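Peer 1: Dropping the structure in here first, questions after.
The values are calculated or read from the model by the stated rules, or taken from the named source; none is laboratory data. Just so it is clear, the model here is predicted, and its values are computed rather than measured. For neighbour counting, all protein chains shown are included, and Cβ atoms are generated from backbone atoms with ideal geometry for every residue, glycine included. Ligands, DNA and RNA are stripped out before the accessible areas are found, and what is left, the full protein with its side chains, is counted by its heavy atoms. Shrake-Rupley method; radii C 1.70, N 1.55, O 1.52, S 1.80 Å.
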Amino acid sequence: MLHKYRKMKFASLFIFQLILMTMFFVFVRYGGDKDYDVKGFEDVHVMIFIGFGFLMTFLKKYCYSALGFNWFLASLVVQWALLCQSFYHMENHIIYVTKKTLLEADIMSATVLISFGALLGTTSITQLLFIAIIEIAIACLNIWLISSHFQASDVGGSIAIHAFGAYFGLGVSWALGSKKKAAAAGAEKIDTSTYSTDMTAMLGSIFLWIYWPSFNSGLTHSNSEYQRALINTYLSLAAATVTTFFVSSCVHNEGKLEMVHVQNSTLAGGVAIGSVCNMQITSGGAIGIGIISGFLSVIGFSFLTPLLKDAGIRDTCGVNNLHGMPGILSGLFSVVFAYLASAESYGPELGDIFPALTSNDTGARTSSGQALSQLEALITTLVISIVGGIITGILARTSLFDPLQDKEKFVDEVEWELP
């Protein structure tokens, strides 16, 4: 009986795929030539399936699962995200799918993959499916609140995608309580990397680094805004990379470089600039944000991650240091630059970047009001993600979702036929 059950353990995922197919038949139609020229879709696609996938292959006995489950989950979640996001914008109960909605779904799927990074190696595929379904539904509600209720600017998704995904995943991790049990398991320490797995993870980092400007700029409205987002993101990434190498050597006892810093903290500039990459922050400001984020991320890996472990929160990939804290930083920068925004500095682009902020004589929102809305969006995101993650984690640890035993964590052989 157990053998037969194991053969059907992926049945729930396939059933969900059939449900998605039915929903697409009922609700989805082609959008014609609308948004056919949206930029960045192909690049973001590479980030989702190669960048995120290979970045998580650093565990010495979990490479198949890291790459394979990333591919599997992303393929399923993109479909679910397209529906969940579009339900808020239906026309006569119909969803019109375009290149832009596909891009938005790809970006939304990054939320789940970020959370997956926190849970890597500690959850079964059934748990991951359940967590992904719930997370996308909650994340789409949150992004609707940010864009429609608060009318906050977050073009690169640092608040709605990166911060949300990181703290939802950490909330789940805390609820699962996987760290203390794994530590007690004893003997061999398998949640570590090897020389070869670190090299494959570095491949993921490089792909993410190269394509990150497309991720941040894909949903901009004008050519000048698009170009500004590209420039700011690229400069911030470059500055974060230089800072990472410097700070990594400083925190090491012998002045050596830590591979975990180079794999992750070099990307922190892309997260920290996300919410403000399309704003008038100046190129020097972009570099400054990159420097701060690189420093913050390395310090997080060196000192904060061990504290989270002691508190019973496992963060396998360090998503708090790459996505969480830099996402919060980006949200705080958006408060500052929203307060400084004016019609004189932005011209006709002001309404594109801050939809609720035009001119005071129309009774529209003031710059201080916009700054407050940015802060409210950030705080709301943190509350929803943490609370939602904890509740989801409590539900996911029940036997219904086939949680892993201690000896089954961080090893591919549970789910894969190995050579």
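Peer 1: How large is the accessible surface per residue of the chain, computed with a 1.4 Å probe and reported in Å² as a whole number? Could you put the intermediate results ahead of the total?
Peer 2: Details: 18120 Å² over 419 residues.
Per residue, the chain has an accessible area of 43 Å².
Peer 1: Ignoring GluC sites (Glu not before Pro) that are buried or in helix or strand per DSSP, and keeping those with at most 10 other beta carbon atoms within 10 Å, what is the longest stretch of the chain between them?
Peer 2: Within the chain, the longest run free of exposed GluC sites (Glu not before Pro) spans 1-187.
Peer 1: While we're here: Per the Kirkwood definition applied to all pairs of different Cα atoms, how many angstroms is the hydrodynamic radius of the stretch 83-163?
Peer 2: Computed over the stretch 83-163, the radius equals 13.7 Å.
Peer 1: Compute the angle between helix 283-299 and the longest alpha-carbon principal axis of the chain, please, reported from 0 to 90 degrees and rounded to the nearest 10.
Peer 2: It is inclined by approximately 20 degrees.
Peer 1: Roughly how many percent of the accessible protein surface of the stretch 206-248 is carbon and sulfur, given a 1.4 Å probe and a whole-percent answer? Write out the running numbers ahead of the final one.
Peer 2: On the way: 1250 of 1760 Å².
Answer for the stretch 206-248 is 71 percent, counting heavy atoms of protein chains only.
Peer 1: Show CYS317, CYS250 ordered by accessible area, largest first, where the area counts protein heavy atoms only and the probe is 1.4 Å.
Peer 2: Values: CYS317 20, CYS250 80 Å².
Final ranking, largest accessible area leading: CYS250, CYS317.
Peer 1: Another question, then. Can you pull the one-decimal nm distance between simple spin-label points at THR358 and PHE245, each 7 Å off the Cα toward Cβ?
Peer 2: Using points 7 Å along Cα→Cβ, the separation is 4.9 nm.
Peer 1: Spelling out what I want: for every residue of the stretch 371-380, take phi, set θ = phi - 60°, compute 6.51 cos²θ - 1.76 cosθ + 1.60 (Karplus), and round to whole Hz; glycine and proline get x.
Peer 2: Each residue's phi maps through the Karplus curve to give 4, 5, 5, 4, 5, 4, 5, 5, 5, 4 Hz.
Peer 1: Looking at the stretch 227-308, I'd like the Rg to Rh ratio, where Rg is from alpha-carbon atoms and Rh is Kirkwood's inverse mean 1/r.
Peer 2: Taking Rh as the inverse mean 1/r over Cα pairs, Rg/Rh reads 1.03.
Peer 1: Residue by residue through the stretch 89-103, which ³J(HN,Hα) values in whole Hz follow from phi under the Karplus form 6.51 cos²θ - 1.76 cosθ + 1.60 (θ = phi - 60°), with glycine and proline marked x?
Peer 2: Coupling constants for the stretch 89-103: 9, 6, 10, 6, 6, 10, 9, 9, 8, 9, 4, 5, 5, 5, 4 Hz.
Peer 1: Give me the percent of accessible area attributable to carbon and sulfur for the stretch 1-144, probe 1.4 angstrom.
Peer 2: Taking all protein chains in place, the stretch 1-144 shows 69 percent carbon and sulfur surface.
Peer 1: What percent of all Cα-Cα pairs in the stretch 278-338 falls into each 5 Å bin, going from 0 up to the bin containing the maximum distance?
Peer 2: Spelled out per bin, shortest first, that is 4, 17, 24, 21, 14, 9, 7, 3, 0.
Peer 1: For the stretch 1-90, what are the per-bin percents of Cα-Cα distances with bins 5 Å wide, up to the bin holding the maximum?
Peer 2: Cα pair-distance distribution for the stretch 1-90, in percent: 2, 11, 14, 17, 18, 17, 10, 6, 3, 1, 0.
Peer 1: I need the trypsin sites (Lys or Arg not before Pro) found in the stretch 1-89, filtered to DSSP loop residues with at most 14 other beta carbons within 10 Å of theirs.
Peer 2: LYS9, LYS34
Peer 1: Collect residues whose amide H, placed 1.01 Å from N in the peptide plane, falls under 5 Å from the amide H of TYR96; neighbours closer than 5 in sequence don't count.
Peer 2: The list, which skips near neighbours in sequence, is ARG29, GLU91.
Peer 1: When the convex hull of the Cα atoms of the chain is projected onto a plane and the area is averaged over all directions, what value comes out in nm²?
Peer 2: 21.1
Peer 1: To continue, here is another question. Which value in deg cm²/dmol, rounded to the nearest 500, describes the helix-derived mean residue ellipticity at 222 nm for the chain, given -39,500 (n - 2.57) per DSSP H run of n ≥ 4 and division by the residue count?
Peer 2: The per-residue figure over the chain is -19500 deg cm²/dmol.
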